[in-house]
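Trainee: Starting off with a structure, shown below.
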Amino acid sequence: MNKTQRTKHRWVDGAIVYQAYPRSFYDSNADGIGDIPGVTAKLNYLKTLGVNAIWLSPFYPSPMADFGYDVADYCGVDPIFGSLADMDKLLKQAHKRNIKIMVDLVPNHTSDEHTWFHQSRQSRENPYADWYIWRDPKGHDKNGNPTPPNNWLAMFDGESAWEWEPARQQFYLHTFDVGQPDLNWTNSEVREGVKDAMRFWLDKGIDGFRVDAVPFMAKEPKLKDEPKNPDWKPGWHGYDRLKHVNNQGWPHLFDYLSEMAAVLKEPKYAAHDRFMVTEAYPSWHNKISDYMAYYKGMDPEVAAPFNFEGIGLPWQASEWHDFLKAFHKSLDDFSPLCVASYAFGNHDQSRLVTRIGESAARSAAVLLMTLPGMAFIYNGDELGMKNGIIPPDMVQDPGAVSSEGRDPERTPMQWTPGKNAGFSKADKTWLPIADNYKTHNVRSESWNRQSFLNLYKKLGKLRNTSATLKHGDFKIIPTKHKDVLGYTRSYDKVTHTVLVNFSDKPATAKLTDKPGRFVLSSFASSKPTVIDSTVKLAAHEAVIYEL
Ligand code: NOJ
């Protein structure tokens, strides 16, 4: 059975999912920080983009050591962002517009301010004593100080991942910031605790989860030392001194994720097609098998891993050709229920335009919005936002240790050419506004036919009105040009042909058949010359045809 033959369509098939990073999206109360009412206020804008679902980055109570990825209460809303009533309002208003809401779930760790951790750190005997990863010291140094149980490193500062707790005379493990202790997923009570948090939000009516940092939930059972990374050189990030083969990705991960996926199928929730997308960056030696491990290890009817090739793969036709061919074949061979989920940017990665330039980012938009599965748009990428410049006294990210960190891609959303790019009425915003806001903002771009925003809007409309782009089969086609990727999407007698020129020079693609009616080019004023089955593309141009 291929996708075309599958009768039941889930909302995730072909969905456009918009990642709203609430801190930077829209500030409704003039404190310089975006909030939940700010997201609600902009729902009509998201509707004009054709958005089918929002992934809301964390809004939970948090001391903000990692800007909300340190959760102090899975079932609340931080006052900075609003209240539970604001979340209810957002849900209601979004659903009224037929927009789904996926919330971020952070199961690997909590904040050190979570009540579970408050209790856990007090003694070795309390009811939460075993909820985190506690270990005795390995020994003592010459000054009599306890030494960490193993050589594991924390990801942000590249120092030991262990922190000493005098009350227990033990270390706790934190894969990320010291304020983000790792939960002990081998403990079934922890698993129930997190699943109850899922049920809390499902009962409120949310439609799914983006699940954070999942590989780290499953560690080597004895917490063995990591091997050294022989390639590491001074100047690299400290975390890369080791190969991280023991702190993540052990097979019991899939038992945990399956337990979580099973919650989505509980009778109370199953009727509404809930879905979860897991965050796991693939290793580079065998990406396809890394991705497939998640499809096979979870239930593909309700769960899929993110596909991060839009971030990791070089912007080259041959790379995309080989990847897409192998990846979609693997998905089809495994199960027609598999949903791809492409993301070309997020709050942890340098902006798409900064990485590959404006023209290529326009063709990346065509690629993203015509590939099968879920298309994730990171807020601001639809405007062609680029990395902001962060003065040293405004650096926020705990990851900004030996690099500039992730602040540049988190600068506020650009709504207007006015004060604070229309993001906030405050005198100061939590991060500075990026300097292309005068031209790259929602208001100015709405009036400009050539803008990124109008390209995204056209693509959004097309994807939402085309059963072919939503549900159609995917097939790579030959183009007889090394820099031009070609593929078709077909469904119920309609075929879309997509051509992407990855090069900064014009390119002529020679297809086997005539491509059909011209639908759209990544450049608003362009319409490539087509002679029979030959298509002349401009530098970095991407086009869509329909037959
Ligand atoms: C991945 C999140 O996207 C990132 O922002 C966060 O710092 C880590 N996980 C830890 O939760």
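Trainee: Could you tell me the center-to-center distance, by alpha carbons, between segment 275-323 and segment 216-239 in angstrom?
Mentor: Cα centroid to Cα centroid, the span is 22 Å.
Trainee: Give me the accessible area per residue for the chain, probe 1.4 Å, as a whole number in Å².
Mentor: Per-residue accessible area for the chain comes out at 39 Å².
Trainee: For segment 5-121, with equal point scatterers placed on the C-alpha atoms only and solvent neglected, what are the log10 I(q)/I(0) values from the Debye formula at q = 0.11, 0.17, 0.22 1/Å, to two decimals?
Mentor: -0.40, -0.84, -1.20
Trainee: Given a 1.4 Å probe and every protein chain left where it sits, what share in percent of the accessible area of the chain is carbon and sulfur?
Mentor: Roughly 52 percent, rounded to a whole number.
Trainee: Expressed as a whole number of Å, what is the distance separating the alpha-carbon centroids of segment 461-505 and segment 17-44?
Mentor: 34
Trainee: Continuing with this model, one more query. What percent do you get for the relative contact order of the chain when only Cα pairs under 8 Å and 6+ apart count?
Mentor: Here the relative contact order equals 14 percent.
Trainee: On a C-alpha basis, how far is the centre of segment 190-206 from the centre of segment 85-124 in Å? Whole number, if you could?
Mentor: Segment 190-206 and segment 85-124 have Cα centres spaced 9 Å from each other.
Trainee: Going by a ≥ b ≥ c, the root eigenvalues of the Cα gyration tensor, does segment 140-206 fall in the rounded group (a/c under 1.5), the prolate group (a/b larger than b/c) or the oblate group?
Mentor: The shape class here is prolate.
Trainee: Based on the alpha-carbon set only, what is the convex hull volume of segment 120-248 divided per residue, in Å³?
Mentor: 138
Trainee: Then there's this: Kindly provide the pair-distance distribution of the chain built from C-alpha pairs, with 10 Å bins from 0 and whole-percent values in order of increasing distance.
Mentor: Using 10 Å bins, I get a P(r) of 4, 17, 28, 27, 17, 6, 1, 0, 0 for the chain.
Trainee: Taking the Cα atoms only, what angle lies between the long axis of helix 84-96 and the longest principal axis of the chain, rounded to 10 degrees?
Mentor: Approximately 20 degrees, to the nearest ten.
Trainee: Please tell me which of these pairs span more than 30 angstrom C-alpha to C-alpha: Lys386/Lys514; Lys89/Lys428; Lys195/Lys219?
Mentor: In this structure, Lys386/Lys514 exceed 30 Å between Cα atoms.
The values are calculated or read from the model by the stated rules, or taken from the named source; none is laboratory data. What you see is a predicted model; the values in this text were computed from it and never measured. Side chains are part of the model used for accessible areas, which takes the heavy atoms of the whole protein and leaves out ligands, DNA and RNA. Shrake-Rupley method; radii C 1.70, N 1.55, O 1.52, S 1.80 Å.
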